[in-house]
1. Once you have all Cα-Cα distances for the range 293-395, histogram them in 10 Å bins from zero and send the whole-percent values.
2. Heavy atoms only, 1.4 Å probe, whole protein assembly: order Met364, Met326 by accessible area, highest first.
3. Run the lone-cysteine check on the chain: no other Cys C-beta under 4.7 Å from the residue's C-beta.
4. At 0.36 nm per residue, and after removing the present C-alpha to C-alpha distance, how many nm does the segment from Ala515 to Asn316 gain when stretched out fully?
5. Can you list the HN-Hα couplings for the range 148-155, worked out from phi with the Karplus curve (6.51, -1.76, 1.60; θ = phi - 60°), rounded to whole Hz and with x for Gly and Pro?
6. Which whole-Hz ³J(HN,Hα) couplings does the range 400-417 yield from phi under the Karplus relation 6.51 cos²θ - 1.76 cosθ + 1.60, θ = phi - 60°, glycine and proline marked x?
7. Heavy-atom accessible area of Ser589 with all protein chains present, probe 1.4 Å, nearest 10 Å²?
8. Report, ordered by chain and residue number, the lysines lying within cross-link reach of Lys532, taken as a straight Cα distance under 22 Å and ignoring same-chain residues fewer than 8 apart.
Amino acid sequence: MTATISGLGAVLRRRTLLTAAWVVTLLAVVAVFVPSARADNPIVQTIYTADPAPLVYNGRVYLYTGHDEDNSTYFTMKEWRVYSTTDMVNWTDHGSPMSLTTFSWASANAWAGQVVNRNGKFYWYVPVTNRSTGRMAIGVGVSNSPTGPFTDAIGRPLVENNEIDPTVFIDDNGQAYLYWGNPNLWYVRLNTDMISYSGSVTQIPLTTAGFGTRTGNASRPTLYEEGPWVYQRGNTYYNVFAAKCCSEFIGYSTASSPTGPWTYRGTVMPTQGSSFTNHPGIIDYAGNSYFFYHNGALPGGGGYTRSVAVERFSYNADGSIPTINMTTGGAPQVGTLDPYVRQEAETIAWETGVETEPSSEGGMNVGWIENGDSIKVKGVAFGGGATSFTARVASATSGGRIEVRLDSVNGTLVGTCTVGGTGGWQTWTTVTCPVSGATGTHDLYLKFTGGSGNLFNVNWWQFAGGGSSTGNILTNGGAEDGTSGWGVFGTGTLSSNTSVAHSGSRSLQLSGRTAAWNGVAQDVTSKLVNGKSYATSVWVRSGSGTPSAKAMLAVTANGTTSYVQLAPATTVNTNGWTQLSGTATVSWSGTLTGATFYVETTAGTDPLIVDDASLQ
Ligand code: FUB
């Protein structure tokens, strides 16, 4: 059991930093972070996390992090952690699928790494100390799943020169590059097996033109410090890195080739926060760009007790990265969370007092629950109304209560489930209690109450609802039954696409569109409920170009047709899936005579490919 990060009373300590790599003595003045009940940054509150490395895979964002031990006075890191989300605010804890013990030759320092997906496998490149040489080396873990478990892919370091912080980038032509370094910057060409390389390890010249000018440190004349994150956007290669230790800020350089020459472009995230390091990770997901970083913003946080966080951003028109500031609000939610499917208790936007641990039923569970602790799950779409709440629970004591509340920890109480003793912390049972008053979309708070000490554990939860509020009303939303249930809004030829699928093996393709409003459509007249809030999710790509797609509902009542935008217009492209999602209330006056769900574009007639559509 790790110690709980126990809130505002956490001790703020004076720290002396002893590392040779970060040669600085800081009498750290730690900013006091007051967790707001509605804050969503930092992403993880159950432990201290550092060095975020995001990966988008199969419509989900996976976030790989390091783990700063409680009360650390150095980078004494022993394991890595994995979290994932589909909505950028509610993150599921997948525990620790890789640690120092994964690498029999490693002795310490589970520092900053990155995971890439290739060959149907996931490769996790990490810096660790090689026991036999005492130097930092780059190891590589491998798994068939993004959440592990990971094993040592080669049983020895991939490269070793006493430098750290690997990032891996795969170019359009399939050539993969491994970059790493502090105090220098290196790259090597990886073979397609991702666990060997060809050619020699090459040092990237750290010129001031390439990496900016640092003053006051004769041995390090450029801003480059560590933590490179290399990726491509259009014809431009980006290298975003931690600059100018200590305190670090995030800067970036660009190049027209993955091997440079690099040109310094300026600051991404200025020095802020109470961690003297920072560490970047950048992705595009569901039509937006996201910047991950770390700070010391949790209670007790600082340079060795860091926390990962995320901000949404947009590139400037010329491709430059804007200045991004740390916020406690974090990124906006993508869509909503469905309470009528089973949700892991460790899917959390914000928590107070609880921790997570591996569950005997698989995955993780929430534990160390005490009176007054709570979990917030953001943007939960109850629709027409929930009628009951079910939770999977275990208790070695006499249990307690789960109060189901809306919008704040002491907000509207819509149900209370009593949990009794089950005879063990991993002896699971299911409890159900009635719910009333949970309609529309709200932040859900599970508030735990009872006597003293640990009350119970929670593995998962799920609401049930009155008929009209639950379930996908679209027929064959996954398109696995060909075009069954689907039609064309306007003009076009609808077919079942067996070449690309967001999930399963088929999607829907509409070619021959003659107007932007022509779309993949389904009649929902008999299923629509007047005044109901509908959550929409549909995955889209284009057959050509980069059109902006949107999900719509055409509602005809009393001879008049009105158009409801179900999901905002989002740019889609040919080489990946983009999710359109949103929530909209649908209402009409008089008699409903027609209702059509459809996906269209804002302009142009590019073919549209659609999969995994839901309206609920
Ligand atoms: O977390 C240990 C080290 O701190 C990382 O390797 C560096 O990037 C810095 O964040």
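1. 11, 31, 34, 18, 6, 0
2. Met326, Met364
3. none
4. 68.6 nm
5. x, x, 9, 10, 5, 6, 10, x
6. Computed from phi, the couplings for the range 400-417 are x, 9, 10, 8, 9, 10, 10, 6, 7, 5, 10, x, 3, 8, 10, x, 9, 9 Hz.
7. So the heavy atoms of Ser589 present about 90 Å² to solvent.
8. Lys378, Lys550
The values are calculated or read from the model by the stated rules, or taken from the named source; none is laboratory data. Quantities reported herein were computed from a predicted structural model and do not represent experimental measurements. Here the Cβ is made from the backbone with ideal geometry for all residues, glycine too, and neighbour counts use every protein chain on show. The protein model used for the area step is the full one, side chains on, heavy atoms only, and it has no ligands, DNA or RNA in it. Shrake-Rupley method; radii C 1.70, N 1.55, O 1.52, S 1.80 Å.
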